[in-house]
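Just so it is clear, none of the values below were taken in a lab; they were calculated from the coordinates. These numbers come from a predicted model, not from an experiment. FYI the Cβ positions are ideal-geometry reconstructions off the backbone, even for glycines, and counts take in every protein chain you see.
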Amino acid sequence: MLREIVSNELFTVLLVIGLAVVAIAKLTDPKRFNDFIFVIGNSKYLKIYTKDQKFFDKFDALLFGNLIITSSIFTYISFQYITDNKGISINTLFKLAIGIGAFILIKVLIERLIASLFEIDKLIDDYIFQKISYKNYLGILLLPVNALLLYSFQLSLPLIYVMIIILLIVNGIGLITSFKTHQSLIKQHFFYFILYLCALEIAPYVILYKVFMT
């Protein structure tokens, strides 16, 4: 059993690791990173790099690593405030990171399987790439958000809700951009796409909500 640590030192180390991972991604492909930073509201990045997507992409993998780190920190400090738990359990934080990473990866694999069954591989592959891109972008946004929550602002429930709403708005902009980019393909396979959204975009989060609220 790992001991409890009553300080923010662990969070500081994780934030530094997140920054280092993002820096490595920039060094790996500076041009792509500069395009990626303006992905919200700008389809240039998506149009260029959707065509070049690979099963394993080092750039996306690095940013995904940062996403797991920053989303785990945000989830944990929010949970910590709501439950009034002042200690930091390394064990719990590690399990949370593994859970978030596994949830996203398993969901993507299932999405690809469903896409193959419905014969809409091209549409879903492009959609998944864009969705992962926006999630990775949220991972970068969470770096300053976590720093502010930990070291600047007095943590409160309204503040946590405000941060969540901002992140949801950014994610919503990303989804709308994706739909607009592929609206012709979506219209051709509208019924299957609606089934896909209900089964794999809405249902998993409803189930998670029910699990955590019971």
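Laid out as a table, the results:
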quantity	calculated
Which of 75, 177 has the fewest Cβ neighbours within 10 Å, and the rest in rising order	75, 177
Packing-based order for 130-140, 101-111, using average beta carbon neighbours within 10 Å, highest first	130-140, 101-111
Estimated distance in nm for a label pair at residue 16 and residue 108, the labels positioned 7 Å out from Cα along Cα-to-Cβ	2.9
Net charge dipole size for segment 4-213 [Lys, Arg +1 and Asp, Glu -1 on Cβ; Debye, nearest 20]	380
Electrostatic dipole magnitude of segment 93-165 [Cβ: Lys, Arg +1; Asp, Glu -1; Cα centre; debye, to 20]	240
Alpha-carbon spread of segment 4-213, three principal axes, descending order, Å	54, 41, 27
Inter-label distance, nm, simple model (7 Å from Cα along the C-beta direction), residue 197/residue 119	2.3
Residue order, fewest to most surrounding Cβ atoms within 10 angstrom, among 112, 32	112, 32
